[in-house]
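Trainee: Please find one structure pasted underneath; my questions will follow.
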Amino acid sequence: MTFSLPRNPSRRAFLAGGVGAAAVLGAPSILRAQTRELVVGGAASHKGWVEEFVIPAFEKKHKAKVIFEGTRSLVNLEKMQKNKDKQYMSVVQMDDPVMILAVKEGLLDPLTPAKAPHLAELNPGTVHMDGMWANYLQPWLGVAYNKETMKTAPTSWGDAFDPKYKGRVILPSLQNTEGMPAIYIASALATGKPMAGKGADVEASFKKLATIKPNLLTVYTQQPQAYNLLEQGEAWMIQGALSSYALQRKSAGAPIELAAPKEGVFALPSGIAVVKGAPQPELAFAYVNELLGAEMQGKLVAPTFSLATNKGVPRPAGFSSDIVIHQVDWAEVAREREAWIKRWDREMSL
């Protein structure tokens with residue numbers, strides 16, 4: 001998908017508005033004082049849609065300039081840590097596991113309905129730790145499959161365990177955020193209990209995961225390599241595929257589909273928060289509020305291939321209202337992740 005990025009203002013436009021060139025050159029600090037700037041730290045992969053949809057609307061509405069720094073969640077966390085005494089970022093858009101770390105270090109300013117009114121409109125499970133952050137979008141996890149090698153779509157998370165798929169299945173590593181729900185999926189399949197994003201029976205889960213090993217072609221940490229194998233037909237399915245990547249590949253012409261299993265899908269986190277000590281706190285809360293609103297989320301679900309978190313936004317076309325969306329307890333994941341990864345590396349190596 002091609003995104004059109006906003007053009008930088010010309011020098012002529014920049015100097016317009018009753019301030020002559022000589023005055024600007026002689027007093028640049030005055031001009032800076034007149035232009036409110038909001039620095040947002042987010043994912044590099046989000047830069048396209050943020051700059052196409054979010055920034056122009058926000059700048060027009062609030063008469064302010066937004067600078068989006070696209071990188072990784074952990075890099076944004078490091079920036080907040082290093083600048084704790086004098087922050088320059090006002091808003092961060094980060095994965096929930098990294099948000100938890102930011103909360104522990106006292107780096108976030110809580111969201112409230114008074115400061116961000118759209119907070120009250122969000123679906124259950126999308127506001128975290130008493131409003132320290134909220135989810136503005138949720139990519140979802142399903143089963144991606146090659147529609148040329150699999151004429152019938154998978155219908156259950158249990159399909160990947162069927163011996164007929166020997167050597168044809170790919171899983172994401174637990175080192176990846178999208179890999180973590182594998183623990184909950186295997187636990188539910190092993191115990192027969194309802195699928196959920198918390199309270200896994202870890203022993204039962206790893207015993208069940210051991211039975212999928214003959215079916216594994218590989219376990220990935222980098223999505224492009226995994227999808228190359230799927231699109232070429234060497235792999236037939238990716239168990240635990242992220243909608244924001246799989247559906248983007250489909251839209252680009254790849255021969256793949258993304259199935260939502262009958263047991264439900266898992267929502268992956270796209271969190272947003274205000275930095276404690278933000279240079280522009282009022283603008284920061286306004287920006288967060290914009291992302292939490294139905295109007296903006298309604299514009300973003302299609303280009304991001306995600307689910308909205310605002311109750312006022314309908315589900316995407318083709319995504320049935322009967323599909324259960326499981327919310328992952330990322331606080332539980334944060335507590336257990338290191339132990340789960342060590343065991344995974346020990347017991348699931350190929």
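The values are calculated or read from the model by the stated rules, or taken from the named source; none is laboratory data. Because the structure is a prediction, the values reported are computed rather than measured. So basically every Cβ, Gly included, is an ideal-geometry build from the backbone, and we count neighbours across all protein chains shown. The area values use the complete protein model at the heavy-atom level, side chains included, leaving out ligands, DNA and RNA. Shrake-Rupley method; radii C 1.70, N 1.55, O 1.52, S 1.80 Å.
Trainee: Can you report the number of residues in region 325-338 which are in contact with a helix residue (DSSP H, G or I) (Cβ under 9 Å, 6 or more places away or on another chain) and open to solvent by 60 Å² or more (accessible area, probe 1.4 Å)?
Mentor: 1
Trainee: Please tell me if Ser205 is closer than 15 Å to Met348 by Cβ and of a type in the set (S, T, N, Q).
Mentor: On the way: closer than 15 Å to Met348 by Cβ: yes; of a type in the set (S, T, N, Q): yes.
Against the criterion (closer than 15 Å to Met348 by Cβ and of a type in the set (S, T, N, Q)), Ser205 qualifies.
Trainee: A follow-up question, please. Look at Ile238 and say whether it is over 24 Å from the mean Cα position of the chain (by Cα), open to solvent by less than 40 Å² (accessible area, probe 1.4 Å) and not hydroxyl-bearing (Ser, Thr, Tyr). Give the derivation first.
Mentor: Details: over 24 Å from the mean Cα position of the chain (by Cα): no; open to solvent by less than 40 Å² (accessible area, probe 1.4 Å): yes; not hydroxyl-bearing (Ser, Thr, Tyr): yes.
No; evaluated as a whole, the condition is false for this residue.
Trainee: Conditions first: (1) touching a strand residue (DSSP E or B) at 6+ places or on another chain (Cβ under 7 Å); (2) open to solvent by 50 Å² or more (accessible area, probe 1.4 Å). Gly179 passes all but one, so which condition is the exception?
Mentor: Unmet condition: (2).
Trainee: Residue check: is Tyr145 of a type in the set (Ser, Thr, Tyr), more than 17 Å from Asn215 (Cα to Cα) and surrounded by 24 or more Cβ atoms within 10 Å (Cβ to Cβ)? Before the answer, list the steps.
Mentor: On the way: of a type in the set (Ser, Thr, Tyr): yes; more than 17 Å from Asn215 (Cα to Cα): no; surrounded by 24 or more Cβ atoms within 10 Å (Cβ to Cβ): yes.
No, not satisfied.
Trainee: Does Lys151 count as surrounded by fewer than 17 Cβ atoms within 10 Å (Cβ to Cβ) and free of Cβ contacts under 8 Å to residues at least 40 places away in the same chain? Steps first, please.
Mentor: Working: surrounded by fewer than 17 Cβ atoms within 10 Å (Cβ to Cβ): yes; free of Cβ contacts under 8 Å to residues at least 40 places away in the same chain: yes.
Taking the combined requirement at face value, the residue satisfies it.
Trainee: Can you name the residue in region 303-324 that is more than 19 Å from Leu119 (Cβ to Cβ) and among the aliphatic types (A, V, I, L, M) and, of all such residues, is most open to solvent (accessible area, probe 1.4 Å)? Full working, then the answer.
Mentor: Of region 303-324, the ones more than 19 Å from Leu119 (Cβ to Cβ) are 303-305, 314-324.
Then keep just the ones that are among the aliphatic types (A, V, I, L, M); that gives 317, 323-324.
Numbers: Ala317: 109, Ile323: 30, Val324: 73 Å².
Going through the qualifying residues, I end up with Ala317.
Trainee: Quick check on Glu290: is it free of Cβ contacts under 8 Å to residues at least 60 places away in the same chain, of a type in the set (D, E, K, R) and closer than 30 Å to Glu37 by Cβ?
Mentor: Values: free of Cβ contacts under 8 Å to residues at least 60 places away in the same chain: no; of a type in the set (D, E, K, R): yes; closer than 30 Å to Glu37 by Cβ: yes.
It is false that Glu290 is free of Cβ contacts under 8 Å to residues at least 60 places away in the same chain, of a type in the set (D, E, K, R) and closer than 30 Å to Glu37 by Cβ.
Trainee: Being open to solvent by 10 Å² or more (accessible area, probe 1.4 Å) and at positive phi narrows it down to one of Gly199, Gly131, so name that one.
Mentor: On the way: Gly131 fails: open to solvent by 10 Å² or more (accessible area, probe 1.4 Å).
That would be Gly199, the only listed residue that is open to solvent by 10 Å² or more (accessible area, probe 1.4 Å) and at positive phi.
Trainee: Let me ask you something else. Do you know which residues across region 73-109 are in contact (Cβ under 8 Å) with a residue 12 or more places away in the chain, within 25 Å of Arg36 (Cα to Cα) and either basic (Lys, Arg) or touching a Phe, Trp or Tyr at 6+ places or on another chain (Cβ under 9 Å) (or both)?
Mentor: Listed by number, the residues that qualify are Lys79, Lys84, Lys86, Ser90, Val91, Val92, Gln93, Met94, Leu108, Asp109.
Trainee: If I filter region 154-170 down to residues being among the hydroxyl-bearing types (Ser, Thr, Tyr) and part of a loop (DSSP other than H, G, I, E, B), which single residue comes out as least open to solvent (accessible area, probe 1.4 Å)? So that I can check it myself, show each step before the final result.
Mentor: Of region 154-170, the ones among the hydroxyl-bearing types (Ser, Thr, Tyr) are 155-156, 165.
Remaining after also requiring part of a loop (DSSP other than H, G, I, E, B): 155-156.
Numbers: Thr155: 82, Ser156: 14 Å².
Among them, the one singled out is Ser156.
Trainee: Exactly one of (1) assigned to a strand (DSSP E or B); (2) more than 29 Å from Val103 (Cα to Cα) is unmet by Glu148. Its number?
Mentor: So the condition that Glu148 fails would be (1).
Trainee: Under the condition of being of a type in the set (A, V, I, L, M, F, W, C) and either touching a Pro at 6+ places or on another chain (Cβ under 6 Å) or more than 19 Å from Thr126 (Cβ to Cβ) (or both), which residue from region 271-283 is surrounded by the most Cβ atoms within 10 Å (Cβ to Cβ)? Walk me through how you get there before you give the answer.
Mentor: To start, the set of residues in region 271-283 that are of a type in the set (A, V, I, L, M, F, W, C) comprises 272-275, 278, 283.
Now drop any that are not either touching a Pro at 6+ places or on another chain (Cβ under 6 Å) or more than 19 Å from Thr126 (Cβ to Cβ) (or both), which leaves 275, 278, 283.
On the way: Val275: 26, Ala278: 21, Leu283: 21.
Within region 271-283, the match that is surrounded by the most Cβ atoms within 10 Å (Cβ to Cβ) is Val275.
Trainee: Next up: Could you check how many residues of region 171-226 are in a loop (DSSP other than H, G, I, E, B) and under 24 Å from the mean Cα position of the chain (by Cα)? It would help to see each step written out before you state the result.
Mentor: Looking only at region 171-226, we keep the residues that are in a loop (DSSP other than H, G, I, E, B), and these are 173-176, 180, 192-201, 211-212, 221-222.
Adding the requirement that they be under 24 Å from the mean Cα position of the chain (by Cα) leaves 173-176, 180, 195-200, 221-222.
Selection size over region 171-226: 13.
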